[in-house]
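First up is the structure itself, then whatever we jot down about it.
Values in this text are rule-based calculations from the coordinates and carry no lab data. The model shown is predicted, which means the values in this text are computed figures rather than measured ones. For neighbour counting, all protein chains shown are included, and Cβ atoms are generated from backbone atoms with ideal geometry for every residue, glycine included.
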Amino acid sequence: MRPMPAPELRERLSALLEEADYAGVIRLAAREKAVVRLLLQYLYDPEDLLHWRALEGLGHVAAAHPDQVKKVIGRLLWLLNEDSASVGWGAAAALGEIGRHNLAVVQDIIPMFCGFLEEEFSRAPMLWGVGRLAAVHPEALAEVGPYVVPCLQDADPQVRALAAWCAGRLHLDSAREALAALTGDASHFRLYDGGNFRRTTVGDLAREALELLTTRS
């Protein structure tokens, strides 16, 4: 079968992402090998809904066609080096989302997540990726947890919000005190999870995390 022309493929993929039709994305990836590479092109603008839908699309393709996604892991890691920091925002988030759907694809590089949490530019997207992965495989992130706790005191409210969200999903008892200190933080935050954006605050996410810790204890 002849590959679909690039403009037509992008239009088709955009339509599928708009509808959150991930089964359609999987079918398209089975026919068009350029789909995974094209999904990466959506990862540069976190203000765009399709940025987040493309992240989810990568995860679904990783589950259905892992070999296709394995081929771009090196590209994602390259985007996270200091020379390309300005264009690699979504790469860290993508690693977590891919692992959520197919842990084996990222299992060997999870120790690198710790370093990405220490870097300012990759901290927020890596926290989002860790939170997404932790919802399904918290046990795989045991060594990452200690790097999440300091993020609860970050100057950036986006980082504090995502760190609180992660702490609950990772069942971090060591984060209780820092989470309690954040419950009065009224900084607003827009979280993408479960297919859409949710407007919340750092304090709300801290309280939700503490509830998860209490429920589990």
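Descriptive notes on the structure:
- With helices as the sole contributors, the chain gives -19000 deg cm²/dmol at 222 nm; each DSSP H run of n ≥ 4 counts as -39500 (n - 2.57), and the sum is divided by every residue.
- Check: the stretch 147-217 dipole with +1 on Lys, Arg Cβ and -1 on Asp, Glu Cβ, in debye: 180
- FRET efficiency, 1/(1 + (r/R0)^6) with R0 45 Å, evaluated for HIS188 and ASP108 via beta carbons: 0.75
- Here r is the Cβ-Cβ distance between THR215 and ALA6 and R0 is 41 Å; the resulting FRET efficiency, rounded to 0.05, is 0.25.
- Taking the Cα centre of the stretch 1-56 as reference, the dipole from Cβ charges on Lys and Arg (+1) and Asp and Glu (-1) amounts to some 460 debye.
- Neighbour-limited loop hits for chymotrypsin sites (Phe, Trp or Tyr not before Pro), the stretch 6-97 (at most 16 other Cβ within 10 Å; DSSP other than H, G, I, E, B): TYR44
- Within the stretch 20-73, GluC sites (Glu not before Pro) in DSSP loop having at most 10 other beta-carbon neighbours inside 10 Å: GLU47
- Test item: Cα-centred dipole of the chain, Lys/Arg +1 and Asp/Glu -1 on Cβ, debye: 720
- Dipole of the chain computed with +1 at Lys/Arg Cβ and -1 at Asp/Glu Cβ about the Cα centre; of GLY115, GLY96, ALA34, farthest Cα towards the positive end is ALA34.
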